[in-house]
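Read the structure below first, then the notes.
Bear in mind these aren't lab numbers, they're just calculated from the coordinates by the rules spelled out. Being a predicted model, the structure only gives us computed values, none of them experimental. Cβ sites come from the backbone with ideal geometry, for glycine too, and all protein chains shown count toward neighbours.
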Amino acid sequence: MRLARKRLLSWYRANKRAMPWRETRDPYAIWISEAMLQQTRVETVIPYWERFLSRFPDVHALATADLDDVLGAWAGLGYYSRARNLQAAARVIDQDHGGKLPDDAETLQTLPGIGRYTAGAVASIAFDRPEPVLDGNVKRVLARLLGIRKDIGQSATLERLWEEAGALARGPHPGDLNQALMELGATVCTPRAPRCESCPVSQFCDAWAKGDAESLPIKARKKAARKVEAVTALVVRRGKALAVRRPSRGLLGGLWDLPGGDLVAGETPRAGLTRALRERAGLEISRASALPSQYVDGSRSARRLRGSQMARPSRNLLPAPRQPDRQSTRPAHLADRPILELTGR
DNA sequence: AAGTCGGGGAT
DNA sequence: ATCCCAGACTT
């Protein structure tokens with residue numbers, strides 16, 4: 001594997017993509033990138049990372065910020081517990097670690113939101129520690145390279161993969177080696193149609209020799225997602241719409257949202273709306289009607305309104321239906337405003 | 001070991 | 001439609 005290691009490193013130096021966090025050695029900045037990159041593509045993260053770093057340039061700035069400002073900077077990225085954990089960890093670092101990130105994986109992993117992967121990533125990339133990473137890319141690369149033909153969802157297989165990743169991490173430039181594995185998985189050793197002819201380690205690859213790279217790694221099929229029906233109300237008074245804060249746990253935790261909720265089995269939308277408004281906003285509906293279809297259709301974020309009904313409608317206060325802004329990369333999450341100003345006539 | 005948690009791109 | 005993405009956390 002020593003030969004493969006050298007090939008991976010030289011391939012990485014020649015082929016790595018430009019990423020802004022690859023221009024810094026600041027452990028804080030690298031940590032933020034790793035938190036944002038969890039289950040999130042590089043291209044999506046880049047603009048968020050730039051904005052986040054200019055708004056919260058160091059641990060102390062993040063530790064002392066308002067949570068709503070942090071959630072606002074995160075709005076649109078998804079998995080919002082990451083933002084909550086990020087600030088919680090920043091406060092621990094600020095108070096218990098002198099504002100400096102711990103430089104070892106074991107201590108890093110004690111912080112909220114930092115698991116085995118992120119601890120290894122920060123330790124190796126920011127602190128040159130010989131710690132492995134095992135993300136979706138590395139699982140795929142190693143399963144193919146080593147011909148691991150067992151379900152990678154099983155804990156025994158996962159442990160084997162961590163073991164192999166650990167063996168590769170030991171040696172010079174562990175951070176670059178780890179990034180080389182991930183970069184290879186993202187650009188060459190892809191889930192479908194892998195570019196094996198461009199792979200620097202194909203000659204060592206078991207799956208390449210057997211010709212079954214695309215069938216690896218093996219993972220159990222996911223169960224179909226359960227379907228839920230939900231209602232959302234647009235409660236308008238004096239040109240403003242009512243927003244409520246969602247519970248800090250669960251879906252879109254801690255974000256502002258229009259009042260509403262999931263229907264229980266057998267419940268009509270109208271009954272569910274009445275119940276949701278009473279529970280979530282302490283309101284009793286006197287009058288409600290369905291929103292016009294052009295208002296609830298047409299964009300991903302607006303789909304949350306589909307099937308909804310409007311409490312206490314007032315045509316004079318409703319804005320003209322707006323075309324969804326397809327240029328915007330930031331969905332209309334209501335991160336930091338309890339009351340929405342309605343624009344339009 | 002299985003569920004939950006987002007949003008978006010690729011196929 | 002389905003899979004996947006530089007995963008972490010709860011149950």
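What trypsin sites (Lys or Arg not before Pro) in region A:98-203 are in a loop by DSSP, with at most 10 other Cβ atoms within 10 Å of the Cβ? List each step's numbers first, then the result.
Values: sites: A:LYS100, A:ARG116, A:LYS139, A:ARG140, A:ARG144, A:ARG149, A:LYS150, A:ARG160, A:ARG170, A:ARG192, A:ARG195; in loops: A:LYS100, A:ARG149, A:LYS150, A:ARG170, A:ARG192, A:ARG195.
Loop-located and lightly packed - A:ARG192.
Rounded to the nearest 0.05, the FRET efficiency derived from the C-beta distance between A:HIS97 and A:ARG192 at R0 = 45 Å is 0.60.
With the cut-off at 22 Å, tell me which of the pairs A:LYS139/A:LYS210; A:LYS16/A:LYS222; A:LYS150/A:LYS223; A:LYS139/A:LYS222; A:LYS6/A:LYS150; A:LYS16/A:LYS139 have Cα atoms farther apart than that.
Details: A:LYS139/A:LYS210 18 Å; A:LYS16/A:LYS222 32 Å; A:LYS150/A:LYS223 19 Å; A:LYS139/A:LYS222 17 Å; A:LYS6/A:LYS150 27 Å; A:LYS16/A:LYS139 19 Å.
Those over the limit are A:LYS16/A:LYS222; A:LYS6/A:LYS150.
Looking at region A:120-171, the pairs of alpha carbons with a distance over 18 Å make up 28% of the total. Contact order, relative form, for region A:2-215: 21 percent (alpha carbon pairs under 8 Å, 6 or more residues apart, mean separation divided by residue count). Per residue, the convex hull spanned by the alpha carbons of region A:2-215 comes to 116 Å³.
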